[in-house]
Amino acid sequence: MHSDPYFCPMESTLEAVSAQDMLSFEAFRNSVIADYKLAIMSREVSLLGRREVLTGKAKFGIFGDGKEVAQIALSKFFQKGDFRSGYYRDQTFMFALGVANVEDYFSQLYSDVHNDPFSGGKNMNAHFASAFVDEKGNWNELTQSYNVSADIAPTAGQMMRGLGLAFASNCFRNAKNKEAFKHLSNNGNEVCFCTIGDASTSEGHFWEAINAAGVLQVPLAVFVYDDGYGISVPISLQTTKGSISEVLKGFQKEQNTNGIKIYTVKGWDYAALCETFEEGIRYTRETHTPVVFHVQELTQPQGHSTSGSHERYKPLERLEWERNWDCNKQMREWLIANELATDEVLQEVENEAKQLVRADKLAAWEKYIAPIKEKIKEAVALVQEGLHETDVHIANSLLQELVQSKEPLKRDIFRTVNLILEKIPTHSNTAAIQTFLAKYNEAEAPFYSKHLYNEGPKSALNVSVVEAEYANEAQTINGYEVLNHYFDKLFQENPKVYAFGEDLGGIGDVNQGFAGLQNKHGIDRIFDTGIREQSIMGQAHGMALRGLRPIAEIQYLDYLLYGLQTLSDDIATIHYRSNGIQSSPVIIRTRGHRLEGIFHSGSPMGVIVNALRGMFVCVPRNMVQAVGMYNTLLKGNDPALLIECLNGYRLKEKMPSNITEFTVPLGKPEILKAGEDVTIVSYGSTLRIVEDAAARLLTMGIDCEIIDVQTLLPFDINHQIVASLKKTNRILFVDEDVPGGASAYMYQQVIELQGGYRWLDVAARTLSSKAHRPAFGSDGDYFSKPNTEEIINIVNEMMAE
Ligand SMILES: Cc1ncc(C[n+]2csc(CCOP(=O)(O)OP(=O)(O)O)c2C)c(N)n1
Ligand SMILES: [Mg+2]
């Protein structure tokens, strides 16, 4: 403890305070008052933000009131190059860093697609992001910026990403070739600041991340904002012993153990917050020991969000306590008690802060609403032009509402104008009005859809095709050996690539793709993890966001469900929800479709293609195709899942000579066997059953065309399958998912999207596994999964129809 009551460590304060100034009491006082002013500004943002929602200018609002002082304190120790993985309460933190300003904040609240710098109007308010990549998809100099990974709403999801962002610092600190990473890291000194609410620590994600951080020893600083509630549910129903710091004690690092360091601090105590954070952040930055700050006694002056009122569930005494222990009120009293400012000075500061916020809020609203009002004027002029006298009343009564609305939406323009055209079908200006609507739609709609995938030079779809080459004496080897040779060469050539997962390091994965490679390329690049799929996904995600190229394993496809939340909510949406300023090119490697029994033979591809829009889903039939897809993916910036066939590791394949260069294009099916009578569409390990059936059908005089779709996302970009259907007029989709799973997805793509229905002579069919999971043993497989006889029967039926 420092004896000087005014002491607040300011080494890394964001305000440029010179060393000399530091010594002066005046400078110290000014900076503390500036902090108070920021706290007041941020509070005003919360108060006005709520009002904007309640008066109809925005749809929903969630604010950071009651957490201002702690965030100002922690932001002092956030350095350039550091990362944040946080949640919706962090507005003051973001204002303090300058990552957000008040105008930006309100632009996002208004879901302004043109001016919300964090998500382009896609994410709810208070979901922040800073740019990690430039427009071409190249990584920025992240050592020079305050880095904020794009927020998600699912509580505790940020823990997974935070673990990964922190873990990347370990990768950089241990990297042999530091020169290659100069723009991404300063020797791994970067800390990841991870904020989370007290109630969200009830999620498994929190515990999985804390345990992994304790094992891995990463520079992760977790701030638990404890305001005693998760919406209406009190901490007594959330946390054992009602205290996260108490219950974490077993994780406490001791001499000669790993673990985490735990701090507790009151969220209204400015001086203690500064001191505690300074010590803890310095410690984790230097030692890479994770730290948890339990920030206690925080409040929610306006309750949880605009969706409700906390008077409904907080006892009167609690509400009274919250008023007295409001951090801004406490800071004000502290300033006066320590003679750092008088009441008059603070009133002036408060007035000025409030005025600034009002002006910026207004500016954001004007920016948002002016172009919409402009369009309304245009629409009104077009409707009134050439309007027949008898129709004036109809048109005006509809236009009036639009013109008088204080918060008109774009959709109101479309609705009103279309209604007018419906009611006045003889309007002489109909053509011009329709052109206006079409153009407006064309201009606006893309803002709501773009950036699901990379579109520019870093799109894997733009990677040029390099055919596999084979030397005359090319070896024929096992599929797993193809992978092993490939990974060996890949790790020699590309220092950004890392691989990890359960049983991947020491034994080189359960099918030996990495056998012997840890010894060769180092335990820092090829390594084992605990059994914790969700945080393996998060680990990969954080590394990828920081410019590395992780290949992370899910040991068997069935266990992807454990990692699905991070994949679906976070990784698959990051490019979209950050409006293209962040990318996470993870490659999730797994193996599946056919092994044994209920939990090792799953092929939940319908779940996957529906959950992972925003990722690529590759389903190669053999390991050479898999390698070609890995090569393609490594050239792009989008995340991908690649499923190797469990029944393919011991099949013999010829080894290409240009193993790290050849590419397999995504979204381009391959015709494995040309035929005239029936098109059979499938992928992955099922193709071997299809090929077996086709050979037997040929002896019966039925000539099948077999198409391997190769990737489910994207799916047959050039519509090659419908071209086959035009020839055969019969089509069967076969896979190992449940009925109505990915086979239904393929059916929809070809029959509806590609217009395949026009070429059908007989009803299109799907053949999948049974609805239950595959039973154990080879007969369990035969009676659960599609088998050769079933395919033969269906095809015969189709031929006879
Ligand atoms: C996975 C998930 N479950 C539920 C919700 C709905 N929800 C949003 S915030 C919240 C309470 C969170 O409380 P806490 O973590 O204490 O944060 P606070 O809002 O109090 O700062 C809940 C239940 C959600 N967003 N995500
Ligand atoms: Mg809470």
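The values are calculated or read from the model by the stated rules, or taken from the named source; none is laboratory data. Just so it is clear, the model here is predicted, and its values are computed rather than measured. Don't worry about glycine lacking a Cβ; one is built from the backbone with ideal geometry, like all the others, and counts go over all protein chains shown. Side chains are part of the model used for accessible areas, which takes the heavy atoms of the whole protein and leaves out ligands, DNA and RNA. Shrake-Rupley method; radii C 1.70, N 1.55, O 1.52, S 1.80 Å.
Descriptive notes on the structure:
- Test: Glu275 is in contact with a Lys or Arg (Cβ under 8 Å, 6 or more places away or on another chain) and either open to solvent by less than 60 Å² (accessible area, probe 1.4 Å) or within 16 Å of ligand 1 (Cβ to nearest atom) (or both): no
- Ser200 vs. criteria without any contact (Cβ under 8 Å) to a residue 12 or more places away in the chain, within 13 Å of ligand 2 (Cβ to nearest atom) and in a helix (DSSP H, G or I): no
- Among the conditions (1) more than 16 Å from ligand 1 (Cβ to nearest atom); (2) open to solvent by 10 Å² or more (accessible area, probe 1.4 Å); (3) in contact with a Leu (Cβ under 7 Å, 6 or more places away or on another chain), the only one that Ala168 does not satisfy is (2).
- Qualifying residues in segment 72-88 (those that are away from ligand 1 (no atom under 16 Å from the Cβ) and under 25 Å from Gly547 (Cα atoms)) - the one most open to solvent (accessible area, probe 1.4 Å): Lys80
- For segment 769-785, a residue qualifies if it is open to solvent by 20 Å² or more (accessible area, probe 1.4 Å) and among the hydroxyl-bearing types (Ser, Thr, Tyr), and the qualifying residues are Ser778, Tyr782.
- Test for Glu297: is it open to solvent by 60 Å² or more (accessible area, probe 1.4 Å) and within 15 Å of ligand 2 (Cβ to nearest atom): yes
- Hey, Leu666 surrounded by 17 or more Cβ atoms within 10 Å (Cβ to Cβ) and in a strand (DSSP E or B) or not: no
- The residues on offer are Tyr453, Tyr470, and the sole one that is assigned to a loop (DSSP other than H, G, I, E, B) and either surrounded by fewer than 17 Cβ atoms within 10 Å (Cβ to Cβ) or β-branched (Val, Ile, Thr) (or both) is Tyr470.
- Some residue of segment 154-162 being open to solvent by 50 Å² or more (accessible area, probe 1.4 Å), out of contact with any helix residue (DSSP H, G or I) (no Cβ under 6 Å at 6 or more places or on another chain), away from ligand 2 (no atom under 16 Å from the Cβ) and assigned to a helix (DSSP H, G or I): no
- Qualifying position, being out of contact with any helix residue (DSSP H, G or I) (no Cβ under 9 Å at 6 or more places or on another chain) and over 29 Å from Leu651 (Cα atoms), among Gly538, Gly580: Gly580
- Residue ID - farthest from ligand 2 (Cβ to nearest atom), chosen from residues in segment 207-243 that are touching a Lys or Arg at 6+ places or on another chain (Cβ under 7 Å) and assigned to a helix (DSSP H, G or I): Ala212
- Of all residues in segment 48-60, those that are on the phi > 0 side of the Ramachandran plot have Cβ atoms under 8 Å from Cβ atoms of residues that are surrounded by fewer than 19 Cβ atoms within 10 Å (Cβ to Cβ), 6 or more apart or on another chain, in Gly56/Lys406; Gly56/Glu407.
- Filter pass, Phe193 being within 16 Å of ligand 2 (Cβ to nearest atom), part of a strand (DSSP E or B) and of a type in the set (Phe, Trp, Tyr): no
- Qualifying residue in segment 327-346 (condition: open to solvent by less than 30 Å² (accessible area, probe 1.4 Å) and within 15 Å of ligand 1 (Cβ to nearest atom)): yes
- Test: residue in segment 244-263 that is within 16 Å of ligand 2 (Cβ to nearest atom) and not in a helix (DSSP H, G or I): no
- Single residue of segment 300-326 satisfying the filter (among the charged types (D, E, K, R) and surrounded by fewer than 17 Cβ atoms within 10 Å (Cβ to Cβ)) that is nearest to ligand 2 (Cβ to nearest atom): Arg318
- Residue in segment 97-122 that is farthest from ligand 1 (Cβ to nearest atom), counting only those that are farther than 19 Å from Lys361 by Cβ and open to solvent by 10 Å² or more (accessible area, probe 1.4 Å): Leu97
- Leu47 vs. criteria modelled with pLDDT under 95 and either open to solvent by 20 Å² or more (accessible area, probe 1.4 Å) or touching a Lys or Arg at 6+ places or on another chain (Cβ under 8 Å) (or both): no
- Search result, residues across segment 674-695 that are part of a helix (DSSP H, G or I), of a type in the set (A, V, I, L, M) and within 27 Å of Pro604 (Cβ to Cβ): Leu687, Ile689, Val690, Ala693, Ala694
- If the condition is being free of Cβ contacts under 8 Å to residues at least 60 places away in the same chain and of a type in the set (D, E, K, R), then segment 356-372 contributes only Glu366.
- Residue in segment 269-291 that is at pLDDT 95 or above, touching a Leu at 6+ places or on another chain (Cβ under 8 Å) and within 13 Å of ligand 2 (Cβ to nearest atom) present: no
- Count of residues meeting criterion [near ligand 1 (Cβ under 8 Å from one of its atoms), under 26 Å from the mean Cα position of the chain (by Cα) and of a type outside the set (Phe, Trp, Tyr)] in segment 213-237: 3
- Test: Arg594 is surrounded by 22 or more Cβ atoms within 10 Å (Cβ to Cβ), in contact with a strand residue (DSSP E or B) (Cβ under 8 Å, 6 or more places away or on another chain) and under 30 Å from Phe783 (Cα atoms): yes
- Qualifying positions in segment 696-727 - under 16 Å from Pro786 (Cβ atoms) and in a helix (DSSP H, G or I): Arg696, Leu697
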